[in-house]
Amino acid sequence: MTAKRTLTSVLVGSVMLAGSVLPGVGETAEKAEKTSPVVVGTFDSRAVKIAYDHAVLAGRIQSIEAAEAADANATPEQIKQRTIDRRKREFRQGFGTGDVSEYLDLIRDEIPKIAQKAGVDVIVSKWDIEYHGPNVTFVDVTEALIQPFKPTEERIKIIRDVMAKPPLTEKQIRELEASDKEI
C-alpha cells in the first residue's frame, strides 16, 4: 500500500472514529450508541486524469510535464527517463487506479467548496477505500471534482464511458508494460 493510500485510510478511519466517539462524550451509553453518520465523497481518479488532459489540450492550464521538461539542469537522459516514467504513471492514472493528487493540487482551492456543496465530510478516491463501517454514507463527487477543469460535454461523455468500465488491474498494467505495445 502506498503512503498516500495509508494516509487516506488513516484519515477516513479518524473521521469515522470522531463521528462515533464525539457524540458520546458526556452522554449516556444509550445515546453514545447512536453515532453520527459520516458522509464520504468518492471520485473516480480516471475521470480527473481525463479532465486534466483535456484542460491541457484546450490550453486552460499548463502541462505538468512541460513544466518538468523546462528544468535547465536536467540532462537529456534524465529528461528521457522522466518522460518514460511519466507515461507509465499517466497510463496507470488514465486506465488503472493511479494517484492523481498532482492534478488535484491544481484545483486545491476548489475542493472545500465542492465538499461543502456535496455535503460530504471527506473526499477520497473510490479506489482507496479498504473498509467502512455501517455509519458511512458514500456520495460520488466525480462530476463536481472535474468541473474546475472545464470539460466539454463531449469530454464528459468520454469520462462517463470510461467510468462505466472497471479499471485495469495492476497485473494487466504490468503485462501491457512488459509487452512490445507502447503505453
Candidates ALA144, ALA74, ALA118 - the one that is more than 14 Å from ALA47 (Cα to Cα) and in contact with a Lys or Arg (Cβ under 9 Å, 6 or more places away or on another chain)
ALA74
Counted residues, segment 123-155 - those being within 23 Å of GLN93 (Cβ to Cβ) and in a loop (DSSP other than H, G, I, E, B):
6
Quick check: anything in segment 109-116 of a type in the set (D, E, K, R), closer than 23 Å to ILE64 by Cα and exposed (fewer than 15 other Cβ atoms within 10 Å of the Cβ)?
yes
Top-ranked residue of segment 111-143 - restricted to ones that are of a type in the set (D, E, K, R) and modelled with pLDDT of 95 or more, ranked as farthest from SER101 (Cα to Cα)
LYS117
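Rundown of residues vs (1) touching a Leu at 6+ places or on another chain (Cβ under 6 Å); (2) surrounded by fewer than 18 Cβ atoms within 10 Å (Cβ to Cβ); (3) within 26 Å of LEU176 (Cβ to Cβ), yes/no style:
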{"site": "ARG60", "(1), (2), (3)": "no, yes, no"}
{"site": "PRO76", "(1), (2), (3)": "no, yes, no"}
{"site": "THR83", "(1), (2), (3)": "no, yes, yes"}
{"site": "ARG86", "(1), (2), (3)": "no, yes, yes"}
{"site": "PHE95", "(1), (2), (3)": "yes, no, yes"}
{"site": "ASP121", "(1), (2), (3)": "no, no, no"}
{"site": "VAL141", "(1), (2), (3)": "no, no, no"}
{"site": "LEU145", "(1), (2), (3)": "no, no, no"}
I need the full set of residues from segment 139-156 which are farther than 15 Å from LYS49 by Cβ and within 13 Å of the chain's Cα centre (by Cα), in order please.
ASP140, VAL141, ALA144
Go through segment 43-122 and tell me which helices (runs of 4 or more DSSP H), entirely inside it, have 2 or more residues that are under 19 Å from ILE156 (Cα atoms) and in contact with a Ser or Thr (Cβ under 6 Å, 6 or more places away or on another chain).
45-57
Out of the residues in segment 18-42 that are in contact with a Gly (Cβ under 8 Å, 6 or more places away or on another chain) and part of a strand (DSSP E or B), which is modelled with the lowest pLDDT?
VAL38
Restricting to segment 103-160, name every residue that is at positive phi and out of contact with any strand residue (DSSP E or B) (no Cβ under 8 Å at 6 or more places or on another chain).
LYS150
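The values are calculated or read from the model by the stated rules, or taken from the named source; none is laboratory data. Here the structure is a predicted model, which means the values were calculated and not measured. Note that each Cβ is placed from the backbone with ideal geometry, even for glycine, and that neighbours are counted across all protein chains shown.
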